[in-house]
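The block underneath contains the structure these notes are about, expressed in structure tokens.
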Amino acid sequence: MTGARYYLVRELRSGLPAEKAGLKVGDRVVACNGIALATVTSDPEAKRLCQVEAGQALKLEISRGGSPLELSIVAEPRPGL
């Protein structure tokens, strides 16, 4: 993660909240909940920033084809967790 400025979306599972919110393969996630990933120093730190509880919204800033977009993904309960 060090030096990275974004996370590249490589795959999405059909029917899950990220896909429902409009996230697409190839999108570049540049910020989670208002915090730029360029300022994050490790993968565990980035994962903590991008986690929310079921029912809460995760705000993502992404770049798609060079254009900035904002998405809100509402987390759903995960059975068995």
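The values are calculated or read from the model by the stated rules, or taken from the named source; none is laboratory data. This one's a predicted model, so the numbers in the text were calculated from it and none came from an experiment. Heads up, the Cβs are rebuilt from the backbone with ideal geometry, glycines too, and the neighbour counts pull from every protein chain shown.
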Selection within the stretch 17-36 - within 24 Å of GLY55 (Cβ to Cβ) and of a type outside the set (D, E, K, R): PRO17, ALA18, ALA21, GLY22, LEU23, VAL29, ALA31, CYS32, ASN33, GLY34, ILE35
Selection status of THR39, surrounded by fewer than 13 Cβ atoms within 10 Å (Cβ to Cβ), touching a Ser or Thr at 6+ places or on another chain (Cβ under 9 Å) and modelled with pLDDT under 95: no
Qualifying positions in the stretch 24-44 - of a type in the set (Asp, Glu) and either in a loop (DSSP other than H, G, I, E, B) or within 11 Å of the chain's Cα centre (by Cα) (or both): ASP27
Candidate set: the stretch 45-74, residues that are in a loop (DSSP other than H, G, I, E, B) and under 17 Å from VAL9 (Cβ atoms); chosen: the one nearest to the chain's Cα centre (by Cα): CYS50
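One line per residue, one yes/no per condition, for (1) of a type in the set (A, V, I, L, M, F, W, C); (2) at pLDDT 95 or above:
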residue	(1), (2)
THR2	no, no
ARG5	no, no
GLN51	no, no
ILE62	yes, yes
SER67	no, yes
ALA75	yes, no
LEU81	yes, no
Residue pairs meeting the criteria (Cβ under 7 Å; at least 6 apart or on separate chains; first closer than 21 Å to GLU70 by Cβ, in the stretch 34-59; second acidic (Asp, Glu)): LYS59/GLU70
